[in-house]
Structure formats: C-alpha cells, structure tokens
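Asker: If you scroll down you'll find the structure; I have some questions about it.
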Amino acid sequence: MADDGESVTLRVAKAIPSDVGHGRARVPFNNDLDLKPGDIIEISGESKTAAVVWRCRPEDASLGVIRVDGIIRKNAGVSLGDRVDIRKVEVKKCERLVLSPVMAKQQKVRFGPGIEGFARRGLNKRPVVAGDRIFIPGMTLFAEALPFAIVSTKPKGIVQVAPETEIVIKEEVFDEEEDSGAQSIAYEDIGGLGNQLQKVREMIELPLKHPILFRRLGIDPPKGVLLHGPPGTGKTMIAKAVASETNAHFSSINGPEIISKYYGESEKALREIFDEATQNAPAIIFIDELDSIAPKREDVTGEVERRVVAQLLTLMDGMHGRDNVIVIGATNR
C-alpha cells in the first residue's frame with residue numbers, strides 16, 4: 001500500500017440510505033487529495049478502516065463532511081459528529097480473504113455450495129482490512145443483513161477484492177458478545193424518528209462521550225430519559241442505536257421478567273445490572289415496560305412491587321456516583 005502522505009480532516013455525517021452496507025464514503029472533491037469516484041481512502045479515527053470514494057451531494061460540498069454508514073463508523077471507532085482524517089491510498093489486489101459470520105456463540109450456520117462466488121461478486125472492488133466488519137450485499141439471515149468478521153487477508157493491510165481473489169468463509173462463528181455489538185443497530189436503520197432521535201442524542205451522546213465537559217462547567221448531565229409511545233414505534237431501537245453509536249455497554253431489563261416470587265431476588269437482579277453497567281461504563285441501562293415495575297407509588301399494592309420500586313428509586317438516586325451510566329426507560333402508557 002502506498003500513499004502521498006497528505007490527509008484531510010472531515011466531520012462524520014449520516015450515510016445516504018442507498019449506500020448502507022456497500023462500503024462507500026461520500027466526500028467533497030474540492031480538497032487537496034485529488035480524489036475521484038472509485039478511489040480508495042483510508043479513514044482514521046480511533047482505529048483505521050477503508051472505503052470507496054463516491055461523489056458527495058451538492059449541498060455537502062462546502063460542509064466538510066464525510067458520509068459513511070454505521071459499520072464503517074464502527075470500524076473506524078467514531079460516531080456522528082466526530083472528526084476523522086482521510087487520505088488517498090494505492091492498494092494491492094487481495095489474493096486471499098478469510099471471513100467468519102458474526103452471531104451469538106450458541107447459533108450455528110451452514111453455507112451452501114457457491115457461497116464463495118456469491119461473496120466474491122458482492123465484494124468485488126471493495127477495500128478490506130483484517131479485523132473489520134463487513135456486510136456482503138444480498139446475504140441475509142432471518143431477513144436481516146448478516147455481518148462478517150474479516151479474519152485475515154493476504155497480503156496484509158488495506159487490500160482490494162478482485163475477481164481472482166480466493167475467498168474462504170468459515171462456519172465457525174465469531175462471537176458477537178466478544179465483538180461488542182457488531183450486529184447492533186445504526187442510526188440509518190431507524191426511519192421516521194429523526195426529531196426524536198436527535199433529542200435523545202443531545203441528552204445521551206454528549207454526556208457519554210464528553211463527561212469532562214460537564215464537570216468543567218459544573219453541570220450535572222442527564223441521568224435518565226423516558227421514551228413513551230405505542231408498541232412497535234422504535235423505542236428499543238433508539239436505545240440500542242445510541243448505545244451502538246457511542247460504543248457504550250448495553251444492559252436491558254424487561255419489566256415483567258424482573259419480578260420474582262422469591263424474597264429479595266428482584267432487588268438483587270436490579271443491583272447486579274446497575275453494578276455491571278458501572279463496571280463497564282460508559283453504559284446504557286434500558287428498562288422496557290417501565291410501568292410494570294415502577295408504577296405510581298400510590299398505585300402500588302403488592303409488597304414485591306413496593307420493594308422493587310423502592311430499590312429502583314434508590315439505585316437511580318445514587319446515579320451521581322455512577323459516572324457515564326444513563327438509564328433509558330420505555331413505556332406504552
């Protein structure tokens with residue numbers, strides 16, 4: 001891989017829907033890199049990845065933004081609004097590419113004959129880097145795009161898939177729990193909730209990513225957000241998307257399931273979840289059907305419910321000692 005050493009700093013913006021999963025980066029061409037469509041660029045954030053250059057929209061030309069999808073952002077270790085350095089690179093042809101599906105460890109997958117040829121056609125001319133995650137266009141599992149981990153490439157570094165590339169797809173699963181949310185939801189996956197998503201991002205992203213800013217200003221950041229709306233409107237998706245885009249640990253509590261008939265078990269489960277989130281901060285705790293475990297105090301009748309409400313209030317009152325942990329509650333009432 002060779003390059004001229006020059007780089008340009010751009011601000012990360014949301015991808016155009018048609019670009020999602022195709023490894024594209026839309027960048028302005030009015031810079032010093034002499035870019036043209038089809039060039040390969042290296043994107044440097046907390047880590048490095050690569051993408052194919054596509055022409056930006058006319059209204060983006062003067063904004064200094066790079067539009068990339070969620071999987072490229074995750075590969076680069078950045079989220080929306082962050083700044084990345086890009087540089088034009090000359091890449092070698094990929095001789096051998098080894099992929100492994102990313103899913104839960106207990107799941108099994110078996111691919112049929114011809115899968116390597118299908119992957120080769122779908123990834124043709126795509127730049128790849130060992131350690132990255134990638135989608136193969138058209139390859140889905142249960143109607144959802146199946147991510148793959150790039151186990152290794154030959155030669156090493158940024159290489160480009162070609163019709164002659166030997167592709168090996170392993171049936172051994174790459175554990176998604178070790179991958180910290182490779183299959184999680186990106187902002188591009190949520191449609192029709194632009195205003196709501198923007199408000200949630202303002203309240204959650206900034207405290208999680210820049211907690212020092214709040215300390216210096218002497219401002220207490222929000223410690224909780226309540227989402228309400230009918231079932232199926234995207235409350236859980238918003239919580240997962242924010243956790244994914246901020247690289248935060250995600251813990252989920254299903255309200256009715258936390259209730260136990262044994263004395264003290266429900267409170268213990270709540271304490272363990274909050275302790276786990278604190279140890280893995282920055283973290284988001286998502287409580288679904290919050291109304292089922294924390295109704296109005298005057299409406300609580302059972303002793304178990306009273307103890308659970310008291311424990312939840314105690315844990316949330318002590319959130320000031322839990323840096324970088326935010327609670328998101330969801331209810332359809």
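The values are calculated or read from the model by the stated rules, or taken from the named source; none is laboratory data. Since we're looking at a predicted model, the values are computed, not measured. Positions of Cβ are backbone-derived with ideal geometry, glycine not excepted, and every protein chain shown enters the neighbour counts.
Asker: In region 175-192, what residues are of a type outside the set (D, E, K, R) and either surrounded by fewer than 18 Cβ atoms within 10 Å (Cβ to Cβ) or at pLDDT below 75 (or both)?
Answerer: Filtering region 175-192 for residues of a type outside the set (D, E, K, R) gives 180-187, 190-192.
If the condition is that a residue be of a type outside the set (D, E, K, R) and either surrounded by fewer than 18 Cβ atoms within 10 Å (Cβ to Cβ) or at pLDDT below 75 (or both), then 180, 181, 182, 183, 184, 190, 191, 192 are the ones that fit.
Asker: In addition: Just one of the numbered conditions (1) surrounded by 19 or more Cβ atoms within 10 Å (Cβ to Cβ); (2) in contact with a Gly (Cβ under 9 Å, 6 or more places away or on another chain); (3) on the phi > 0 side of the Ramachandran plot is not true of residue 77; which one?
Answerer: Of the numbered conditions (1) surrounded by 19 or more Cβ atoms within 10 Å (Cβ to Cβ); (2) in contact with a Gly (Cβ under 9 Å, 6 or more places away or on another chain); (3) on the phi > 0 side of the Ramachandran plot, the odd one out for residue 77 is (1).
Asker: Please tell me if residue 220 is in contact (Cβ under 8 Å) with a residue 12 or more places away in the chain and touching a His at 6+ places or on another chain (Cβ under 8 Å).
Answerer: Values: in contact (Cβ under 8 Å) with a residue 12 or more places away in the chain: yes; touching a His at 6+ places or on another chain (Cβ under 8 Å): yes.
Answer is yes for this residue.
Asker: Taking the residues in region 80-104 that are touching a Ser or Thr at 6+ places or on another chain (Cβ under 8 Å) and more than 29 Å from residue 169 (Cβ to Cβ) as candidates, determine which candidate is surrounded by the fewest Cβ atoms within 10 Å (Cβ to Cβ). I'd like the intermediate steps shown before the answer.
Answerer: Of the residues in region 80-104, the ones touching a Ser or Thr at 6+ places or on another chain (Cβ under 8 Å) are 83-87, 93-98.
Next, from what is left, pick out any that are more than 29 Å from residue 169 (Cβ to Cβ): 83-87.
Values: 83: 12, 84: 26, 85: 14, 86: 24, 87: 16.
Restricting to residues being touching a Ser or Thr at 6+ places or on another chain (Cβ under 8 Å) and more than 29 Å from residue 169 (Cβ to Cβ), the top hit is 83.
Asker: Output the number of residues of region 19-53 satisfying the condition of being of a type in the set (A, V, I, L, M, F, W, C) and surrounded by fewer than 17 Cβ atoms within 10 Å (Cβ to Cβ).
Answerer: Kept after step one, since they are of a type in the set (A, V, I, L, M, F, W, C), are these residues of region 19-53: 20, 25, 27, 29, 33, 35, 40-41, 43, 50-53.
With surrounded by fewer than 17 Cβ atoms within 10 Å (Cβ to Cβ) added as a condition, the list becomes 29.
Looking only at that region, the number is 1.
Asker: Which is outside the structural domain of residue 10 (by TED's automatic domain parsing), on the phi > 0 side of the Ramachandran plot and under 20 Å from the mean Cα position of the chain (by Cα), of 138, 114, 131, 157?
Answerer: On the way: 138 fails: under 20 Å from the mean Cα position of the chain (by Cα); 114 fails: under 20 Å from the mean Cα position of the chain (by Cα); 157 fails: under 20 Å from the mean Cα position of the chain (by Cα).
Only one candidate qualifies: 131.
Asker: If you don't mind, another one. Residues that are under 19 Å from the mean Cα position of the chain (by Cα) and surrounded by 17 or more Cβ atoms within 10 Å (Cβ to Cβ): which helices (runs of 4 or more DSSP H) entirely in region 226-298 hold 2 or more of them? Step through it out loud before you land on a result.
Answerer: Values: elements: 235-245, 255-258, 265-279, 290-293.
By residue number, 235-245.
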